[in-house]
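The values are calculated or read from the model by the stated rules, or taken from the named source; none is laboratory data. Worth saying up front: this structure is predicted, and the values here are computed from it rather than measured. Please note: Cβ atoms are built from the backbone with ideal geometry, for glycine as well, and neighbour counts cover all protein chains shown. For accessibility, only protein heavy atoms count, side chains too; no ligands or nucleic acids. Shrake-Rupley method; radii C 1.70, N 1.55, O 1.52, S 1.80 Å.
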Amino acid sequence: MRRSRHNVQELPNYSPIEAVRYFHVPTSTLAYWTEPPNALVTLPCHRPRLLSFQNLVELYVLEGLRKIYGVPTSRIRSAVDYLLETERSRHPLADFAIRTEGRNVVFYKSGRPLNATLWGQYEMEPIISGYLHRVERDPHGIARRLFPYTKREQIDRKQQSPQTVEINPAICFGLPVLAGSRITTGFLASRYRGGDSVPSIAKSYGRPVATIKEAIEWELGRPVCEEAA
């Protein structure tokens, strides 16, 4: 694969199947957001079809706005159109700290909240949402790392779940890792498939059994037992 001249956030590094698994979304939903004529996410590579870290953040934010907070698709589209046109951003939902009060898409510019859905009107401070706060941004609002929910049932804006898995394009080439480490979830799953028990894996890394079990289940996409596979 040729190296992109862009930063690591824009490298084509993830397959559609990985994105579907990471965010618990149907394949049809991923296709809807990334393929014409409905595309709101611009992919860096179509042959083969690959996504960047920026795309992962965009999909995560889109799914949260639509499914978790009930923002109508037409209002999300209006907000993206505004940000594309006025802010010259290729990945607006990844490049700005996005918030919502449940009806409009609000972003921050120079520390002030603006309503992107209504094309730049200043807003009162919007509701802070836990789902969207799992995208960690730099002081300029650019997404740097993402802590996805490991189970679909955890996606509840009224509850905070542990940040078990981290996706950071600057660590392990963007592979999902155990949060705060360089241990990939794929490696943990390979140890489990090789016969190591969850408690023995947890002991070797000094992590709680529940944390290791959760990371392995997220990687495999199925429940696992705490004994050897």
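To the nearest 10 degrees, how steeply does helix 53-63 sit against the main Cα axis of the chain, on a 0 to 90 scale?
Taking the Cα atoms of the chain, the angle to 53-63 is about 70 degrees.
Short version: what are the Cα gyration tensor semi-axes of region 1-123, square root of 5 times each eigenvalue, largest first, in whole Å? The partial results should precede the final answer.
Working: eigenvalues 120, 57, 28 Å².
Taking √(5λ) for each eigenvalue gives 24, 17, 12 Å, largest first.
Using heavy-atom solvent-accessible surface (probe 1.4 Å) with all chains present, what is the largest-first order of 197, 52? Could the numbers behind the result be given before it?
Values: 197 25, 52 0 Å².
Output order, biggest surface exposure first: 197, 52.
Taking the Cβ of residue 75 as the center, what net charge do the other residues with Cβ under 13 Å away carry, scoring Lys and Arg +1 and Asp and Glu -1? Provide the component values of the computation, followed by the final result.
Working: positive: 66, 77, 103; negative: 81, 101.
Residues close to residue 75 contribute a combined charge of +1.
Along region 200-217, what does the Karplus equation 6.51 cos²θ - 1.76 cosθ + 1.60 (θ = phi - 60°) give for ³J(HN,Hα), rounded to whole Hz, x for Gly and Pro?
Once θ is set to phi - 60°, the couplings for region 200-217 become 5, 5, 4, 5, 5, 10, x, 10, x, 4, 4, 5, 5, 4, 5, 5, 5, 4 Hz.
Rounded to the nearest 20 Debye, what is the dipole magnitude of region 78-229 about its Cα centre when Lys and Arg each give +1 and Asp and Glu each give -1 at the C-beta? Write out the running numbers ahead of the final one.
Working: 21 positive and 18 negative charges, 42 e Å.
So the magnitude is around 200 debye.
Given the options 71, 61, 165, state which has the largest fluctuation in a GNM of the chain using a 10 Å cut-off (strictly under) for Cα springs.
Top of the fluctuation ranking is 71.
Rounded to the nearest 10 Å², what accessible area does residue 196 show when all protein chains are kept and the probe is 1.4 Å?
Surface accessible to solvent at residue 196 totals approximately 60 Å².
So for the pair residue 144, residue 87, with labels modelled 7 Å out along Cα→Cβ, what separation do we get in nm?
1.8
Given the options 33, 120, 208, identify the residue whose Cα lies farthest towards the positive end of the charge dipole of the chain (+1 on Cβ of Lys, Arg; -1 on Cβ of Asp, Glu).
About the Cα centre, the residue reaching furthest to the positive side is 33.
Counting only Cα atoms, I'd like the Rg/Rh figure for region 62-185, Kirkwood definition for Rh. The partial results should precede the final answer.
Working: Rg = 15.0 Å, Rh = 15.2 Å.
Reported Rg/Rh (Cα atoms, Kirkwood Rh): 0.98.
Among all lysine pairs in the chain that are eight or more places apart or on different chains, how many have alpha carbons less than 19 angstrom apart? The partial results should precede the final answer.
Numbers: 67/151; 67/158; 151/213; 203/213.
Close lysine pairs found across the chain: 4.
Please find, in a Gaussian network model of the chain (springs between Cα atoms separated by less than 10 Å), the residue of 86, 185, 164 whose mean-square fluctuation is greatest.
Its mean-square fluctuation being the largest, the pick is 86.
How large is the charge dipole for region 1-152, taken about the Cα centre, if only the Cβ atoms of Lys, Arg (+1) and Asp, Glu (-1) carry charge, to the nearest 20 debye? Don't jump to the answer; show the numbers that get you there.
Working: 22 positive and 14 negative charges, 87 e Å.
Computed charge dipole of region 1-152: roughly 420 debye.
Please list the radius of gyration and Dmax for the chain, considering alpha-carbon atoms only, with Å as the unit.
Both quantities, over Cα of the chain: 18.1, 57 Å.
When the helix-only estimate is applied to the chain (DSSP H runs of n ≥ 4, each -39,500 (n - 2.57), divided by the residue count), what is the mean residue ellipticity at 222 nm, nearest 500 deg cm²/dmol? Can you show the working numbers first?
Values: 8 runs with 74 residues, N = 229.
So the calculated ellipticity at 222 nm is -9000 deg cm²/dmol.
Using a 1.4 Å probe, how large is the accessible area of residue 207, given in Å² and rounded to the nearest 10?
70
Quick one: dipole size for region 1-88, taken about the Cα centre, charges +1 on Lys/Arg Cβ and -1 on Asp/Glu Cβ, in debye to the nearest 20. Don't skip to the answer; put the middle values down first.
Numbers: 11 positive and 8 negative charges, 47 e Å.
Approximately 220 debye in magnitude.
Order 109, 213, 67, most accessible first, counting only protein heavy atoms with a 1.4 angstrom probe. All intermediate terms of the calculation are to be shown ahead of the outcome.
On the way: 109 90, 213 50, 67 115 Å².
These residues rank, largest area first, as 67, 109, 213.
Of 26, 37, 16, which is the most mobile in a GNM of the chain whose springs link Cα atoms less than 10 angstrom apart?
For the chain, modelled as a Gaussian network with Cα springs under 10 Å, the answer is 37.
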